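This report concerns only the one structure given below.
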Amino acid sequence: MNDTELEFEHLMLEISAQRWEMVERFLLSYFCFREGHVSKTGKPDWQIARERCPRSNSVTTTKHTELEPLVPLASIVGELKRHERDGELSRQSTQRIIDCLLHFAVISKAEKQCLKSLGLAESMPADWYRSLDKQPNARFIAANIVL
C-alpha cells in the first residue's frame with residue numbers, strides 16, 4: 001500500500017466514524033501524496049506544493065503568496081457529509097468527490113483578501129452548493145482570479 005492509499009484509508013476511517021473535524025487534516029496530506037509533493041524523507045511538503053501548484057496570473061514569486069484550495073476544505077467535507085446523509089457515500093464516490101474537488105493553487109495575498117471580502121474565504125458561491133456540476137474553480141472565477 002503506497003502513501004496515497006494509506007491516507008485514503010485514514011480518510012475512510014474518519015468518515016466511517018463520522019469524525020468530520022479530522023477529515024480536513026487527512027485531506028491535506030492526501031493531496032501532497034497524490035500529487036507527489038513530498039520531502040526527501042517522504043513526508044508531505046507544503047513548500048514543494050507551493051512551488052509546483054498552478055499559480056494565479058498575478059503571482060510572479062512565491063514569497064508573498066498563499067497556497068489556497070480551489071474548493072475550501074470545509075466545503076469538500078460538506079459534500080462528503082451530504083452524500084453520506086443521502087446514503088450515497090461509498091469508497092468509489094468518496095474517491096471521486098475528493099479527486100474532483102481537492103486541488104490547490106498559489107494566489108497573492110491581495111487575491112486572498114478579495115476572496116475574504118466577497119465572503120468566499122471559507123465557502124463557495126451560494127449557487128455552487130445547489131449545482132449538479134460542481135466547478136472547483138467557481139469561487140476563483142467569482143473573484144476574478146485567473147490561473
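For a quick check, take a GNM of the chain with Cα springs below 10 Å and name the residue from Ser16, Ser131, Ser39 with the largest mean-square fluctuation. Top of the fluctuation ranking is Ser131.
Each of Ile97, Ile141, Ile48 was scored by other Cβ atoms within 10 Å of its Cβ. Listed from fewest to most, they are Ile141, Ile48, Ile97. When each of Arg130, Arg25 is scored by the number of other beta-carbon atoms lying within 10 Å, the sequence from fewest to most is Arg130, Arg25. This ranking places Met124, Met22, Met1 by how few other beta-carbon atoms lie within 10 Å of each, fewest first, which gives Met1, Met22, Met124.
Coordinate-derived values only; no laboratory data. Everything quoted here is computed from the prediction, not taken from an experiment. Cβ atoms come from the backbone with ideal geometry, glycine included; neighbour counts cover every protein chain shown.
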